[in-house]
1. Select from segment 246-257 the residues that are assigned to a helix (DSSP H, G or I) and β-branched (Val, Ile, Thr) and list them in ascending order.
2. Those residues that are acidic (Asp, Glu) and within 23 Å of Tyr202 (Cα to Cα), I need them from segment 81-123; list them, please.
3. With the checklist (1) more than 20 Å from Gly228 (Cα to Cα); (2) among the hydroxyl-bearing types (Ser, Thr, Tyr); (3) modelled with pLDDT of 95 or more in hand, flag the one item Ser98 doesn't pass.
4. Can you tell me which of (1) in contact with a Phe, Trp or Tyr (Cβ under 9 Å, 6 or more places away or on another chain); (2) of a type in the set (S, T, N, Q); (3) modelled with pLDDT of 95 or more is the one Ser309 doesn't meet?
5. Does segment 196-210 hold any residues that are of a type in the set (Phe, Trp, Tyr) and surrounded by 21 or more Cβ atoms within 10 Å (Cβ to Cβ), and which are they?
6. For segment 170-227: of the residues being over 18 Å from Asp62 (Cβ atoms), among the aromatic types (Phe, Trp, Tyr) and part of a loop (DSSP other than H, G, I, E, B), which is modelled with the lowest pLDDT?
7. Sort out which residues of segment 39-68 are over 19 Å from Thr227 (Cβ atoms) and surrounded by fewer than 21 Cβ atoms within 10 Å (Cβ to Cβ), and write them in order of number.
8. Quick one: would you say Phe138 is at pLDDT below 95, aromatic (Phe, Trp, Tyr) and touching a Gly at 6+ places or on another chain (Cβ under 9 Å)?
Amino acid sequence: MRKFSIAVHGGAGTLVRSQMTLEKEKAYKTTLSLALDTGYSLLQNKGTATEAVAAAVRILEDSPLFNAGKGSVFTAEGVHEMDASIMEGKTRMAGAVSLVRGIKNPISLARDIMEKSDHVFLAGEGAMQFARSLGYTFEEESYFYDALRYQQWQDLKDTSNFSLDHANTSDSKFGTVGAVACDTYGNLAAATSTGGMTNKRYGRIGDSSVIGSGTYANNDTCAISCTGSGEYFIRGVVAYDISCYMEHKGVSLIEAAHWGIHDRLQKLGGDGGIIAVDAMANIAMSFNTEGMYRGFASSTGNREVSIFSD
């Protein structure tokens, strides 16, 4: 059997050890482990990389701990607008969705856009119409309510300010979630999902739903899911650029991932991190912040779930 592997993340940012209680750390690691094990089990039973990353991300979307799905932050209007994307490395087919409300698992809708429509990217009311045509059930706003998220919004409400979930003003419940995988067929896939920025206005869209910026997969190079300051990932086309760096420079996954975060992104002034996998099932996890909720598991027996940089 070919080697296979999967990695997941739950956001990168200013993770302060003094504010991380043992109880919090256990909760985060338990959910990351569940997502990791769910995806790994599918791969182990000959499931595809696409199935694995979608399943892993759904677990993270169902948790109030992360800024995606159930844990999504409040917009300036006091609602929850979510973005997600998914991409396959073999065909380079992709699906993306943005500015949707009431969707329990935006990553599932992104996958349906990829597999059941003639499009790549749907947004807003049109995306929700497509979901209704497929029989999606829409959750009430109360499903997405969380006391801490609400307080974060109250701190910014009626101002022109907004907050990235990984910024210094936010000491818990960190951001965007994602997964990457290499399956037993040698195929790659990546998936990313987010609830965006607290108090965001004007229909702001970050990198999580932008193919090539926050999500990318190509069997010839790698699959990547990003988290961090979205505007910088978009401007740097970071996920695609890392893939191109491997393709044109002939460098390893580890070297390309480090370059993408510590050179390409940082020179633009951005912060955040990525998880990545190549067709040999190698894993890279690079970030230029104090920490990143992350985990990986490989058929070689290696497995780890971590939060801080050491």
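1. Answer for segment 246-257, where residues must be assigned to a helix (DSSP H, G or I) and β-branched (Val, Ile, Thr): just Ile254.
2. Of everything in segment 81-123, those that are acidic (Asp, Glu) and within 23 Å of Tyr202 (Cα to Cα) turn out to be Glu81, Asp83.
3. Every listed condition holds for Ser98 apart from (1).
4. Evaluating Ser309 over (1) in contact with a Phe, Trp or Tyr (Cβ under 9 Å, 6 or more places away or on another chain); (2) of a type in the set (S, T, N, Q); (3) modelled with pLDDT of 95 or more leaves (3) as the failure.
5. Within segment 196-210, none qualify.
6. Applying the filter and picking the extreme gives Tyr202.
7. Matches in segment 39-68: Ser41, Gln44, Asn45, Lys46, Gly47, Thr48, Glu51.
8. Against the criterion (at pLDDT below 95, aromatic (Phe, Trp, Tyr) and touching a Gly at 6+ places or on another chain (Cβ under 9 Å)), Phe138 does not qualify.
The values are calculated or read from the model by the stated rules, or taken from the named source; none is laboratory data. Not measured: the values here are computed from a predicted model. Glycine also receives a Cβ, built like all others from the backbone with ideal geometry; neighbour counts cover every protein chain displayed.
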